[in-house]
Amino acid sequence: MAERKDLKIGILCMQGAFREHKNSLERLGVRVVEIRKPSDLEGLDGIVLPGGESTAIGKLITELGIKEKLQAMIEGGTPVWGTCAGMILLAKQIAGQDNVHMPVMDIEVMRNAYGRQLGSFSANYVMAGVEGEIPMVFIRAPYIKEAAKNVKVLSVVDGNIVAARQDNMFVTSFHPELTDDLKTHEYFVDMVRGIK
């Protein structure tokens, strides 16, 4: 089993809280690569797609030539974690719109489901595979409206699916990188190591 220090996890650095994700993973002893061009995807054991504005990120990864290779890696089994906008990037369906970005995960998401900035909130909830409650920060967050049978629901908040897993793909509506709690990052690292 790969040790944490031997893992190389890439974070898409277009916008959003990628620095905070990087800090959290480095605190767990993982080597982090910032993804800004196609060659940055070489030799990665896992990929994090952070929050931000999904439409803008979708355009950037296409313009920079990252999208096709990134999607092929995910389809080929590379573990990926999408937070907030990252969840939207991976969804096969986005409620109310026809265009999608990298349609690899059997979910339909509702964008900006919790409203604008003022609709942002944080609370403590449980997530399957993690011990105890974890702090969840929601910022103009999406949620999963529909999930196929092959998608494992990991957390539900106020009746909405906010964390799920399908094979090598893990998504959260919330932003664990904006808290000091490392449990969700640990969950993904264990997934990359093949022990979750």
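The values are calculated or read from the model by the stated rules, or taken from the named source; none is laboratory data. Bear in mind the structure is a predicted one, so any value in this text is a computation, not a measurement. Please note: Cβ atoms are built from the backbone with ideal geometry, for glycine as well, and neighbour counts cover all protein chains shown.
Could you tell me how many of the residues in segment 178-196 are in a helix (DSSP H, G or I) and at pLDDT below 95? Even if it seems obvious, please write down each step before you answer.
Applying the first criterion (in a helix (DSSP H, G or I)) to segment 178-196 yields 178, 183-193.
Those still in the list that are at pLDDT below 95 too: 178, 193.
Matching residues across segment 178-196 total 2.
Residue 29 fails exactly one of the following numbered conditions: (1) touching a residue at least 60 places away in the same chain (Cβ under 8 Å); (2) assigned to a loop (DSSP other than H, G, I, E, B); (3) among the small types (Gly, Ala, Ser). What is the number of that condition?
(1)
So how many residues does segment 131-155 have that are over 16 Å from residue 109 (Cβ atoms) and either among the small types (Gly, Ala, Ser) or not in a strand (DSSP E or B) (or both)?
4
Scan segment 2-18 and tell me whether some residue there is of a type in the set (Val, Ile, Thr), closer than 18 Å to residue 187 by Cα and assigned to a strand (DSSP E or B).
Yes: segment 2-18 contains one or more residues that are of a type in the set (Val, Ile, Thr), closer than 18 Å to residue 187 by Cα and assigned to a strand (DSSP E or B).
From (1) surrounded by fewer than 22 Cβ atoms within 10 Å (Cβ to Cβ); (2) under 25 Å from residue 76 (Cβ atoms), pick out the condition that doesn't hold for residue 158.
Result: residue 158 passes all but (2).
Quick one: residue 178 ticks every box in (1) closer than 23 Å to residue 30 by Cα; (2) in contact with a Leu (Cβ under 6 Å, 6 or more places away or on another chain) except a single one, so which number is it?
So the condition that residue 178 fails would be (2).
Going through segment 16-29 one residue at a time, which ones are on the phi > 0 side of the Ramachandran plot and under 14 Å from the mean Cα position of the chain (by Cα)?
Result: 16, single match.
So which of 124, 160 ends up being more than 23 Å from residue 7 (Cα to Cα) and touching an Asp or Glu at 6+ places or on another chain (Cβ under 9 Å)?
None of the others qualify; the one that does is 124.
Quick one: is residue 42 acidic (Asp, Glu) and at pLDDT 95 or above?
Answer is yes for this residue.
Among the residues of segment 47-85, count how many are in contact with a Pro (Cβ under 6 Å, 6 or more places away or on another chain) and small (Gly, Ala, Ser).
1
Is there a residue in segment 156-171 that is within 27 Å of residue 61 (Cα to Cα) and outside any strand (DSSP E or B)?
yes
How about segment 33-71: which of its residues are crowded, with 21+ Cβ neighbours inside 10 Å and assigned to a strand (DSSP E or B)?
Answer for segment 33-71, where residues must be crowded, with 21+ Cβ neighbours inside 10 Å and assigned to a strand (DSSP E or B): 35, 46, 47, 48, 49.
Among the residues of segment 163-196, count how many are touching a residue at least 60 places away in the same chain (Cβ under 8 Å), in contact with a strand residue (DSSP E or B) (Cβ under 7 Å, 6 or more places away or on another chain) and surrounded by fewer than 18 Cβ atoms within 10 Å (Cβ to Cβ).
1
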